[in-house]
């Protein structure tokens, strides 16, 4: 069955309101740091950490120069703080040396930075620079499969598939709405189908998901 993307987007908006990222940031560097910290951590907890962190560390040089043990302590509440501190320092150094100290606004180029990857590059460039971007995180992978928008498992193939069926000016908004939907209604273990407005559009609800 061909899916009506406009209807899906309209219903997602009715459920979740304006497309939004729940990480707090005011510039591309802050979003980059918050994105790294958000791995295996809630946005709420990241925001509690970054409200102090972003006052203390304002530039790439601040992250490059700080002793890693000190950075680890500052981000400890987000979990996996040793790996995250190492990633932050590596990313800051690479942005400085390869991109002249400016967080890249090109998705393909940013995705080559070690510790970033394509999902994070799409998110940061899409939100910080306002460029069309398809953010394929675990929620988007799960929901596109459940709804029946893809049969792919590979994030890059899912990204390309979404680009074919969603208008370019809605790529970022669609991604954010899907993330919100996966976070609050179409949860991994216990999707709240009775609350969902996408029941008519969803293969999972109609028993069409192969792993349901």
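The values are calculated or read from the model by the stated rules, or taken from the named source; none is laboratory data. Just so you know, these numbers come straight off a predicted model, no measurement behind them. Cβ placement follows ideal geometry from the backbone for every residue including glycine, while neighbour counts extend to all protein chains displayed.
Test residue 180 against the stated conditions and say whether it is surrounded by 20 or more Cβ atoms within 10 Å (Cβ to Cβ) and either closer than 18 Å to residue 3 by Cα or in the same structural domain as residue 108 (by TED's automatic domain parsing) (or both).
Values: surrounded by 20 or more Cβ atoms within 10 Å (Cβ to Cβ): yes; either closer than 18 Å to residue 3 by Cα or in the same structural domain as residue 108 (by TED's automatic domain parsing) (or both): no.
In short, no.
Since residue 6 meets every condition but one in (1) surrounded by fewer than 16 Cβ atoms within 10 Å (Cβ to Cβ); (2) over 24 Å from residue 149 (Cβ atoms), which condition does it not meet? Among (1) surrounded by fewer than 16 Cβ atoms within 10 Å (Cβ to Cβ); (2) over 24 Å from residue 149 (Cβ atoms), residue 6 violates only (2). Scanning region 30-39 turns up no residue that is in the same structural domain as residue 138 (by TED's automatic domain parsing), buried (at least 19 other Cβ atoms within 10 Å of the Cβ), touching a helix residue (DSSP H, G or I) at 6+ places or on another chain (Cβ under 8 Å) and closer than 30 Å to residue 198 by Cα. Within region 63-90, the set of residues being in contact with a helix residue (DSSP H, G or I) (Cβ under 7 Å, 6 or more places away or on another chain) and in contact (Cβ under 8 Å) with a residue 24 or more places away in the chain comprises 63, 64, 74, 75, 77, 78, 84, 87, 88, 89.
Yes or no, residue by residue, for (1) within 30 Å of residue 102 (Cβ to Cβ); (2) buried (at least 23 other Cβ atoms within 10 Å of the Cβ); (3) at pLDDT below 95:
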| residue | (1), (2), (3) |
| --- | --- |
| 127 | yes, no, no |
| 130 | yes, no, no |
| 134 | yes, yes, no |
| 154 | no, no, no |
| 160 | yes, no, no |
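Report whether or not residue 47 is over 20 Å from residue 27 (Cβ atoms), within 23 Å of the chain's Cα centre (by Cα), in a helix (DSSP H, G or I) and modelled with pLDDT of 95 or more. Considered against the rule, which asks whether it is over 20 Å from residue 27 (Cβ atoms), within 23 Å of the chain's Cα centre (by Cα), in a helix (DSSP H, G or I) and modelled with pLDDT of 95 or more, residue 47 comes out as no. So for region 186-201 (the condition being farther than 25 Å from residue 23 by Cβ, free of Cβ contacts under 8 Å to residues at least 12 places away in the same chain and assigned to a helix (DSSP H, G or I)), does at least one residue qualify? Scanning region 186-201, I find at least one residue that is farther than 25 Å from residue 23 by Cβ, free of Cβ contacts under 8 Å to residues at least 12 places away in the same chain and assigned to a helix (DSSP H, G or I), so the answer is yes. May I ask you to verify whether residue 21 is assigned to a loop (DSSP other than H, G, I, E, B), touching a helix residue (DSSP H, G or I) at 6+ places or on another chain (Cβ under 7 Å) and within 30 Å of residue 169 (Cβ to Cβ)? Against the criterion (assigned to a loop (DSSP other than H, G, I, E, B), touching a helix residue (DSSP H, G or I) at 6+ places or on another chain (Cβ under 7 Å) and within 30 Å of residue 169 (Cβ to Cβ)), residue 21 qualifies.
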